[in-house]
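Only one structure is covered here, and it is reproduced in the block below.
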């Protein structure tokens, strides 16, 4: 089946969206991606709901100038606070990302000692949408929600300066969860999968990320698949006027 080339808009407060983009290019190789990183306002996790909604609208308008066919909110916090309003305002499909609380349905809860923790930003932890997810999928109350106040910011630093530069600070952020015998960590911020290996080793858990299901959802809505063309990524920060061709290494901060 032949697919038409699509233009896919992505925004995040920083580099977290690359964790989904790594999966998107498997599902939608050969398509065009336009990524805005809202660096001056990163992270969103400690911002007000009103501020996040305003930024989401501004960034969506910027992406629509590029005639994108779909917009991916590659940020759990922005999804929780803004996606409903964006869908009401704009005539383009929006896909968001949420803490993969639903994934506990696939865990063998009859097995002894299954203890999942879900890691989120503070704003996501406090959001109505997250509380509704917990009520919907965690009826047996097996999940432990945990807000990581600084982890997303530390991962931004790790991308720029290397993981070694902030490894101790990352461990300090995760330390309250160590030795609690958690078996799984649901990664409720798109930044977190970028250091999933580190989280898994330090907490001795299996990490669960929604990035693959979200990428499949984007492909499904677009009714698109891989095409015989070069994958193109155009990137800018929110204080830049124009997109530039961008070829990041596949991010994996070990």
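Details
- Scanning segment 172-202 for residues being within 21 Å of residue 159 (Cβ to Cβ) and in contact (Cβ under 8 Å) with a residue 12 or more places away in the chain gives a total of 18.
- Output for segment 68-84, where each listed residue is closer than 16 Å to residue 216 by Cβ and surrounded by fewer than 24 Cβ atoms within 10 Å (Cβ to Cβ): 70
- Residue check for residue 233: assigned to a loop (DSSP other than H, G, I, E, B), crowded, with 16+ Cβ neighbours inside 10 Å and at pLDDT below 95: no
- Any hit, segment 204-226, residues being closer than 18 Å to residue 167 by Cβ and crowded, with 17+ Cβ neighbours inside 10 Å: yes
- Residue in segment 96-103 that is in contact with a strand residue (DSSP E or B) (Cβ under 6 Å, 6 or more places away or on another chain), farther than 27 Å from residue 60 by Cβ, at pLDDT below 90 and surrounded by fewer than 21 Cβ atoms within 10 Å (Cβ to Cβ) present: yes
- Test for residue 173: is it more than 30 Å from residue 65 (Cα to Cα) and modelled with pLDDT of 95 or more: yes
- Scanning segment 8-36 for residues that are surrounded by fewer than 22 Cβ atoms within 10 Å (Cβ to Cβ) and in contact with a helix residue (DSSP H, G or I) (Cβ under 9 Å, 6 or more places away or on another chain) turns up 22, 23, 25, 26, 27.
- Only one of the numbered conditions (1) surrounded by 19 or more Cβ atoms within 10 Å (Cβ to Cβ); (2) farther than 28 Å from residue 71 by Cβ is violated by residue 139, and that is (1).
The values are calculated or read from the model by the stated rules, or taken from the named source; none is laboratory data. Bear in mind that the values here come from a model prediction, so they are computed numbers and not experimental data. Every residue, glycine as well, gets a Cβ built from its backbone with ideal geometry; the counts of neighbours run over all protein chains shown.
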